[in-house]
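Below is one structure; the comments refer to it alone.
The values are calculated or read from the model by the stated rules, or taken from the named source; none is laboratory data. The model shown is predicted, which means the values in this text are computed figures rather than measured ones. Don't worry about glycine lacking a Cβ; one is built from the backbone with ideal geometry, like all the others, and counts go over all protein chains shown.
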Amino acid sequence: MTPTQALKEEHDGILRMLDILRAICEKMASHKTIQGEHLDQVMAFLRIFIDRCHHGKEERFLFPEMSNAGIPKKADIMDELMDEHAEGRKLVERMGAALERFYRGDQEAPGVFMDAVDRYGTLIRDHIKKENTLLFPQAEKKLSKERQSGMMEEFETLEEEEIGSGRHDQFHRQMDNLSRIYLS
Ligand SMILES: [Fe+2]
Ligand SMILES: [Fe+2]
């Protein structure tokens, strides 16, 4: 597997979690009870799986490697992608803060949470489309095979450092469970 194939697989998981989050918000909007444990699992996925691991792999390894190799020719797309990661991080913080307020009984908090989810979903869906179609094909073509396999090792080390073995599988198990509950 190449680094961009691995990142693309993660994109598929991220898109599924965004669908779950949207379904949770629809339930919330119709005043149905959502288990706090499910919200905690989704928030952990956004903070750890998406931001620390997935965005970490792109920011620490893929983007610099591509910039060093002089690709893409337009450097501003890389800045744009980095800005979008930062924007996503802020929206996740906003969601977390809204949930805290919600748990304390603030009636306006669900609206704030849902608004942040909506913005985050749009941002990340567009972002993934850009990476899959504009950036990754160039990385596949122009980074050497050796460099790509070196990057796979760096990805594994990052994951080990950030979440430890087993946590990645746990995220997937939780996502499968949430899919059965919210997407079927
Ligand atoms: Fe990204
Ligand atoms: Fe990505």
G36 vs. criteria away from ligand 1 (no atom under 16 Å from the Cβ), modelled with pLDDT under 95 and under 25 Å from Q170 (Cβ atoms): yes
Is there any pair linking a residue in segment 10-36 that is within 15 Å of L183 (Cα to Cα) to one that is in a helix (DSSP H, G or I) and within 13 Å of ligand 2 (Cβ to nearest atom), with Cβ under 6 Å and at least six apart or on different chains, and which? I14/I50
Residue pairs meeting the criteria (Cβ under 7 Å; at least 6 apart or on separate chains; first over 13 Å from K8 (Cβ atoms) and within 11 Å of ligand 2 (Cβ to nearest atom), in segment 120-147; second β-branched (V, I, T) and in a helix (DSSP H, G or I)): I124/I14
Take segment 78-91 and flag every residue that is more than 13 Å from ligand 2 (Cβ to nearest atom) and aliphatic (A, V, I, L, M). A86, L91
Under 9 Å between Cβ atoms, at least 6 apart or on separate chains: pull out the pairs that start in segment 56-70 with a residue that is more than 11 Å from T4 (Cβ to Cβ) and away from ligand 2 (no atom under 15 Å from the Cβ) and end on any residue that is of a type in the set (D, E, K, R) and in a helix (DSSP H, G or I). A69/K142; A69/R147; G70/K142
Do we have C53 as away from ligand 2 (no atom under 16 Å from the Cβ) and either closer than 15 Å to G96 by Cβ or assigned to a helix (DSSP H, G or I) (or both) here? no
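Yes or no, residue by residue, for (1) over 13 Å from the mean Cα position of the chain (by Cα); (2) within 16 Å of ligand 1 (Cβ to nearest atom):
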{"position": "Q5", "(1), (2)": "yes, yes"}
{"position": "I14", "(1), (2)": "no, yes"}
{"position": "D83", "(1), (2)": "yes, yes"}
{"position": "P110", "(1), (2)": "yes, no"}
M28 fails exactly one of the following numbered conditions: (1) modelled with pLDDT under 95; (2) part of a helix (DSSP H, G or I); (3) within 16 Å of ligand 2 (Cβ to nearest atom). What is the number of that condition? (3)
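To keep it simple, each residue is scored yes or no on (1) within 15 Å of ligand 1 (Cβ to nearest atom); (2) out of contact with any Pro (no Cβ under 8 Å at 6 or more places or on another chain).
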position: D118; (1), (2): no, yes
position: I124; (1), (2): yes, yes
position: K130; (1), (2): yes, yes
position: Q138; (1), (2): yes, no
position: E146; (1), (2): no, yes
position: G164; (1), (2): no, yes
